[in-house]
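Rule-based calculations on the coordinates, nothing more; no lab input. Computed from a prediction, not measured in an experiment: that's the story for all the values here. Every residue, glycine as well, gets a Cβ built from its backbone with ideal geometry; the counts of neighbours run over all protein chains shown.
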Amino acid sequence: MTLEVPMDRWTLVELVRRQAERRSDAPFLSFEDGGDLTFAELDAASDRLATALAGLGVGEGDRVLGLLTNSRAFLVLMIATHKRRAIFVPINTELKGAFLEHQVANSRPRVVAVDAALLGQFDHVDTAGVAIDATIVVGDGPVSATALPTPLAATERHDYAVLEATSAQPEASLEPKARDVCTIMYTSGTTGPSKGVLMPHAHCYLFAKGAIEAMGLTTDDRYYVCMPLFHANGLFMQVFPTLLAGCSAHVVKRFSVSTWLDDVIGQGATVTNALGVMPEFIFRSPVSERDRSHRLRAIMAIPVAEEWADALQERFGVSIVQGYGMTEINMVAYTDPSEPVAAGCAGYVLDDHFELIIADPETDRDLGREAVGEILVRPRTPFCFNVGYFNMDDKTVEAWRNLWFHTGDAGRLDERGRLHFVDRIKDRIRRRGENISSYEVEQVLNDHPAVTESAAVGLRVAGAGGEEEIKAVLAVEGTPPDPVAFLDWCVERMPRYTVPRYLEFVEALDKTASGKIRKQALRDAGVTEATWDRESVGYLIKRSV
């Protein structure tokens with residue numbers, strides 16, 4: 001039976017406390033690299049670490065930034081931060097260079113926690129304008145016991161294991177309120193830098209509550225989590241629903257189609273989530289006599305395609321659940337598992353908590369049923385929605401025009417009131433489950449000495465699983481650089497998933513009369529004879545961890 005908590009107590013700390021009493025020594029999380037947690041151990045370990053954070057001066061409203069892989073330390077640090085009424089800032093582990101620098105500069109953390117193996121990603125990051133007091137290093141990794149990258153060298157270095165062993169002091173743990181911002185998650189800035197979404201406790205709690213109801217979770221379930229915890233789906237739609245339902249989960253570092261079925265079987269998983277290209281990769285994996293040798297009953301898969309959705313359900317003997325949401329707005333719709341699965345159908349709006357209309361993107365006028373327009377949302381439940389973008393007041397006002405949050409997504413409501421996702425409106429790229437700001441990609445590309453200006457666009461191509469591959473069109477003077485050497489330069493400065501697959505060098509970019517690059521024309525042109533594809537030479541980019 002799911003834990004029932006009064007709405008004014010919808011905090012992640014309250015949830016941890018109550019389940020520690022209720023479920024105590026029952027298994028909660030296991031990790032592929034060890035470090036299992038019971039419900040009581042999460043509470044006790046985060047109490048100890050909260051005491052250590054108090055000793056580092058972390059207090060209400062301070063930010064603790066985590067560049068951390070899926071691990072025990074990630075979750076314990078997050079809850080410990082919340083117990084100080086401070087704000088946890090999980091960062092994509094692929095970030096480096098200007099991408100990481102922006103998020104550090106914007107969030108202005110007092111403490112940085114980083115996996116030892118990822119310390120090198122700070123090498124090209126300027127933190128001079130940020131008053132970072134301490135660096136917490138998690139694990140061993142290839143870095144020596146005393147070495148910190150230059151941007152962090154002036155901070156106090158602390159070993160995570162030592163801090164977690166601190167004796168807990170009850171007065172160090174504070175009680176946050178449902179309205180308190182507990183987390184900042186960065187999301188694609190589309191036409192500008194990534195924006196830090198201010199997420200109150202109640203907002204994160206409702207993510208979990210909605211997922212429990214959509215997936216029908218009970219204490220008998222076991223989640224298989226193969227998505228990064230620095231994303232809302234992995235953290236708030238899998239790990240925290242597990243906590244709220246009082247069931248268990250197994251967490252791996254990343255999704256691998258080659259090990260997915262073995263893991264699901266070996267862990268006795270009953271539910272899992274698959275985002276972006278993941279469900280199609282699963283479907284197109286080699287058919288096996290073990291395809292039904294598991295306990296899996298449901299997969300939350302977003303998106304699905306008509307040509308394989310039913311076949312995936314039949315092959316693996318599972319039900320597909322779909323939905324629609326964003327980090328900013330929560331999950332506002334889910335499908336009814338009793339109805340046939342349909343591509344693009346996100347299901348029924350959770351109208352107890354949200355109000356949703358389809359509007360003309362120019363006038364914000366409600367278009368009614370069956371019309372395609374922009375999806376606009378606003379909350380009915382207090383503090384179960386973002387409360388703005390951190391240090392970006394102009395972007396907050398822009399998104400909240402006419403007292404509606406503008407998602408930038410096109411959709412429609414059918415005659416039964418079901419929401420259907422149609423396409424994206426804004427200039428952002430969706431690749432491998434990541435929302436990518438074309439602006440941020442272009443800022444790095446423009447730094448190359450041979451490039452005068454650039455345009456990054458997303459192309460729908462075969463094999464992208466309904467998502468996009470990045471094409472960079474680069475204006476250069478004189479002889480274009482060697483494409484392989486150009487990508488080598490990019491890899492040093494960009495997250496792996498943002499490095500373009502396609503390159504096209506031109507003398508100048510076509511622009512409108514007002515000086516804007518004609519990006520739609522570049523999308524329409526797609527892959528041309530002048531386009532270089534890195535897959536044509538087998539160019540591979542290694543992961544950082």
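Summary table
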item	result
Cβ-placed point charges (K, R +1; D, E -1), dipole of the chain about Cα centre in debye, nearest 20	560
The range 7-174 - Rg over Rh from alpha carbon coordinates, Kirkwood radius	0.97
Theoretical FRET efficiency, 1/(1+(r/R0)^6), r = Cβ-Cβ of residue 491 and residue 289, R0 45 Å, to 0.05	0.65
Positive-pole candidate from 202, 69, 308, dipole of the chain, charges at beta carbon	202
Extension gain (nm, one decimal) between residue 315 and residue 167, 0.36 nm per residue minus Cα-Cα	48.1 nm
For 389, 539, order by how many other beta-carbon atoms lie within 10 Å, fewest first	539, 389
Overall form of the range 11-95 per C-alpha gyration tensor (a/c, 1.5; a/b vs b/c)	oblate
Amide N of the range 62-90 lying under 20 Å from the label point, which is placed 7 angstrom from the Cα of residue 105 along Cα→Cβ	63-67, 89-90
Computed lengthening from residue 540 to residue 363, 0.36 nm per intervening residue step minus Cα-Cα distance	59.2 nm
Rough spin-label spacing in nm, given labels placed 7 Å along Cα→Cβ, for residue 128 and residue 416	6.1
Ranking of 532, 10, 489 by count of other Cβ atoms within 10 Å, fewest first	489, 532, 10
Ranked packing of 124-133, 492-501, 108-117, most packed first, by mean Cβ within 10 Å	108-117, 492-501, 124-133
Label-point separation in nm, residue 484 to residue 339, each point 7 Å along Cα→Cβ	5.2
Label-reachable residues, the range 328-345, where backbone N falls under 20 Å from a point 7 Å from residue 372's Cα toward its Cβ	342-345
For the chain, the spread of Cα positions along each principal axis, largest first, Å	66, 59, 54
Gain on full stretching of the segment that runs from residue 423 to residue 174 - 0.36 nm per residue minus C-alpha separation	85.3 nm
Calculated SAXS-style log₁₀ I(q)/I(0) at q = 0.17, 0.21 Å⁻¹ - the range 114-234, Debye, Cα scatterers	-1.26, -1.29
Average Cα contact separation per residue, the chain, under 8 Å, 6 or more apart, as relative contact order %	12
Peptides 170-178, 395-403, 243-251, 370-378 ordered by average Cβ neighbours within 10 Å, highest first	243-251, 370-378, 170-178, 395-403
Cβ-derived FRET efficiency at R0 41 Å, residue 220 paired with residue 159, nearest 0.05	0.60
